[in-house]
Structure formats: C-alpha cells, structure tokens
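Data block below; observations after.
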Amino acid sequence: RSVANISQTMARGHHVIAGTDAPIDFVAISLHLNLRAMTRFGISAADALRTATAHAGAFLDEPLGVIAPGKLADVLLVCGDPLADVAAAAHVRHIILDGRATTPDAIIAPFAG
C-alpha cells in the first residue's frame, strides 16, 4: 500500500523524496532497497531514481542533484543500466567527487583500518 500511495502522489504531479530510517539502519542499503521496492510495485526506475536525486536535491536550500554548469554535483558511474534495472545503481564503479575521479575503494580506504 505504501508504494501505491507514492505512485498516486507522483501521478498527481507531486515530488516524493526517498528516505531511510537512519540512524537505525544502514543508509545506503536502506535507500537502495527503497528504490527496488518502488520499481517492484510499479514505479518506473526513472521516477524512483528521481526521488533520491533531483527531487531530494531540489528540497534543499542549495539545490543539488542537477548536472549543469555552476551546479554542485557528484556523479556515479555504475555497471549496468539503472533505468532498465534500478539495482544497477548499487554497482558503483567510479565517482566524480568535487570534480575529481575516484573509486569506492579509494573513498573507503581511510576507514578500512
């Protein structure tokens, strides 16, 4: 029923913002499961991804989630097509962070102890 409510809200032209139960759960895992649930129950992958990117960014005082000159945007390069299968969004291979290319391993390395 929750996804049906989300779908109806989106059909009426309202923006939905993906969320998690942080700090109770693991944010990234929860977010990806949320996106998968949306697509499993009828929301398009593109609309589900917008809930975690453009719609979430537009809600903030300094809009994020838009790739355009002068905007603050990090870009994830994934293995697969998240528009065909939203699960591919979790298969991050490279990241453009603050204008520099990096990898998930490089970001995690200082914390891997």
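The values are calculated or read from the model by the stated rules, or taken from the named source; none is laboratory data. Computed from a predicted model, the values in this text were never measured in an experiment. Don't worry about glycine lacking a Cβ; one is built from the backbone with ideal geometry, like all the others, and counts go over all protein chains shown. These accessible areas exclude ligands, DNA and RNA; they are computed on the full protein's heavy atoms, side chains included. Shrake-Rupley method; radii C 1.70, N 1.55, O 1.52, S 1.80 Å.
Rounded to the nearest angstrom and ordered from largest down, what semi-axes does the equivalent ellipsoid of region 53-104 get from its C-alpha gyration tensor (root of 5λ)?
21, 15, 8
What is the percent carbon and sulfur in the accessible area of region 1-84, measuring with a 1.4 Å probe over the protein chains and ignoring ligands?
Carbon-and-sulfur percentage of accessible area, whole number: 60.
Heavy-atom accessible area per residue, the chain, 1.4 Å probe: how many Å²?
The answer is 71 Å² per residue.
So for region 21-91, averaging the separation of alpha carbon pairs under 8 Å that are six or more residues apart and normalising by length, what relative contact order in percent results?
25
Per-residue counts of other Cβ atoms within 10 Å, averaged by peptide: what ranking do you get for 52-61, 75-84, highest first?
Packing order, densest peptide first, comes out as 52-61, 75-84.
If you take the Cα Rg of the chain and divide it by 2.2 N^0.38 Å, with N the number of residues, what do you get?
Relative to the rule-of-thumb radius for its length, the chain sits at 1.13.
To test your reading of the geometry: what angle, between 0 and 90 degrees and rounded to tens, separates the Cα axis of helix 2-11 from the longest principal axis of the chain?
80
Report the calculated FRET efficiency for residue 61 and residue 24 (r = Cβ-Cβ distance, R0 = 30 Å), to the nearest 0.05.
After rounding, the FRET efficiency stands at 0.70.
Taking the Cα centre of the chain as the origin, how large is its charge dipole in debye, to the nearest 20, when only Lys and Arg (+1) and Asp and Glu (-1) carry charge on their Cβ atoms?
Here the chain has a charge dipole of around 320 debye.
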